[in-house]
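Structure record follows, encoded as structure tokens.
The values are calculated or read from the model by the stated rules, or taken from the named source; none is laboratory data. Predicted model only: the values in this text are computed from it and were never measured. Reconstructed Cβ throughout: ideal geometry from the backbone, glycine too, with neighbour counts over all protein chains shown. Accessible surface is based on the protein model in full, side chains and every heavy atom, while ligands, DNA and RNA are left aside. Shrake-Rupley method; radii C 1.70, N 1.55, O 1.52, S 1.80 Å.
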Amino acid sequence: MPATGAKPEGATDEAGAARAVQQMFDSIAPRYDLLNHVLSANVDRLWWWRAARRFKTVLARPEAQILDVCCGTGDMTMALLKRRPRGAEPIVAADFSRNMLARGAAKFGPGRNGLAPGAPFAIPLEADALHLPLRDQSLDLIVTAFGFRNLANYQAGLDEFFRLLKPGGQLGILEFSEPGGLIGKAYSVYFRRVLPAIGRLVCGANGPYNYLPTSVGNFPPPSQLLAMMRGAGYTDAAWRAYTFGIAGLYTATRPTVI
């Protein structure tokens, strides 16, 4: 089948796209955090904080079952944990890149240094976001930050998340977008020329930071992704722009009655 999601260079089908993305993130894992913070001027920290704040009500419930999917090195997971009460159920943090997940687990895992008794933590899960080993209707909240765009099939991802959410459960997708106007034109120069050059200098590889602007350009615009979410059965689908539309948070709910 032709790829209906991420399309890394050289990938000809969904399986090949998934392998290419997995290998790419495994390769850049050691410098991933440094590059993210440098290339975004630390604005990415604000985006994670704002996304976590949006779900503060469900995060405050100690019994809530929460998944951070495509968790990478765990910065979104950490933002979610900061809003969890003592003694809360652990968050499940899933990624199919073993190298990324290992770095995340060092931040959020139950065995991390300095973890106080009763402090919230997350359990790492090495798994493909399109085939998660979790029960139907078992989750109150699913969040993914800058990972949904890398799925080999966006529709399959929405369907899988819908399967896992309880009736009334919430979905949050934090992703890049392409702003319009003069800001969009200026940002495009940085995003498509300057960012890949810095990425090559720090990372020592061409592919990953050339892939980033290409993947954002190929990602559905907000109106299209919102339509896909509604078509998958979600209600209350909405998008909120962050930082002039450079990024934004998609939110939706699995209805209580289908």
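Looking only at residues of segment 232-251 that are in a helix (DSSP H, G or I) and open to solvent by less than 50 Å² (accessible area, probe 1.4 Å), we find that the one that is nearest to Phe161 (Cα to Cα) is Gly245.
Mind checking which residues of segment 112-133 are in a loop (DSSP other than H, G, I, E, B) and open to solvent by less than 70 Å² (accessible area, probe 1.4 Å)? Result: Arg112, Leu115, Ala116, Gly118, Ala119, Pro120, Phe121, Ala127, Asp128, Ala129, Leu130, Leu132.
Counting only residues that are touching an Asp or Glu at 6+ places or on another chain (Cβ under 9 Å) and farther than 21 Å from Arg192 by Cβ, which one in segment 36-55 is least open to solvent (accessible area, probe 1.4 Å)?
Residues of segment 36-55 that are touching an Asp or Glu at 6+ places or on another chain (Cβ under 9 Å), as a first pass: 36-37, 44-45, 48.
Pick out the ones that are also farther than 21 Å from Arg192 by Cβ and you get 45, 48.
Values: Arg45: 122, Trp48: 22 Å².
If we take residues in segment 36-55 being touching an Asp or Glu at 6+ places or on another chain (Cβ under 9 Å) and farther than 21 Å from Arg192 by Cβ, then Trp48 is least open to solvent (accessible area, probe 1.4 Å).
Checking each residue in segment 160-216 for being closer than 27 Å to Asp236 by Cβ, assigned to a helix (DSSP H, G or I) and open to solvent by 40 Å² or more (accessible area, probe 1.4 Å) picks out only Arg163. Residues in segment 11-41 that are among the charged types (D, E, K, R) and part of a helix (DSSP H, G or I): Glu14, Arg19, Asp26, Arg31, Asp33. Residues in segment 53-84 that are assigned to a helix (DSSP H, G or I) and touching a residue at least 60 places away in the same chain (Cβ under 8 Å): Arg54, Val58, Leu59, Asp75, Met76, Leu80. Among the residues of segment 136-147, those identified as surrounded by 24 or more Cβ atoms within 10 Å (Cβ to Cβ) and closer than 25 Å to Leu46 by Cα are Ile142, Val143, Thr144, Ala145, Gly147. Just one of (1) open to solvent by less than 40 Å² (accessible area, probe 1.4 Å); (2) under 16 Å from the mean Cα position of the chain (by Cα) fails for Gly109. It is (2).
Among the conditions (1) part of a strand (DSSP E or B); (2) surrounded by fewer than 23 Cβ atoms within 10 Å (Cβ to Cβ); (3) not polar (S, T, N, Q), the only one that Ala94 does not satisfy is (2). Among the residues of segment 217-231, those identified as surrounded by 19 or more Cβ atoms within 10 Å (Cβ to Cβ) and either in contact with a helix residue (DSSP H, G or I) (Cβ under 7 Å, 6 or more places away or on another chain) or polar (S, T, N, Q) (or both) are Phe219, Met229. Do we have Val58 as open to solvent by less than 10 Å² (accessible area, probe 1.4 Å) and in contact with a helix residue (DSSP H, G or I) (Cβ under 8 Å, 6 or more places away or on another chain) here? So Val58 fails the test.
Among the numbered conditions (1) touching a residue at least 12 places away in the same chain (Cβ under 8 Å); (2) over 20 Å from Glu160 (Cα atoms), the only one that Gly111 does not meet is (1). Could you please find all residues in segment 1-35 being open to solvent by 40 Å² or more (accessible area, probe 1.4 Å) and either free of Cβ contacts under 8 Å to residues at least 40 places away in the same chain or among the aliphatic types (A, V, I, L, M) (or both)? Within segment 1-35, Met1, Pro2, Gly10, Thr12, Asp13, Ala15, Arg19, Gln23, Leu34 meet the criteria. For beta carbons closer than 9 Å, sequence separation of 6+ or different chains, a first residue in segment 136-156 that is part of a helix (DSSP H, G or I) and a second that is charged (D, E, K, R) and open to solvent by 10 Å² or more (accessible area, probe 1.4 Å), the qualifying pairs are Ala156/Glu14.
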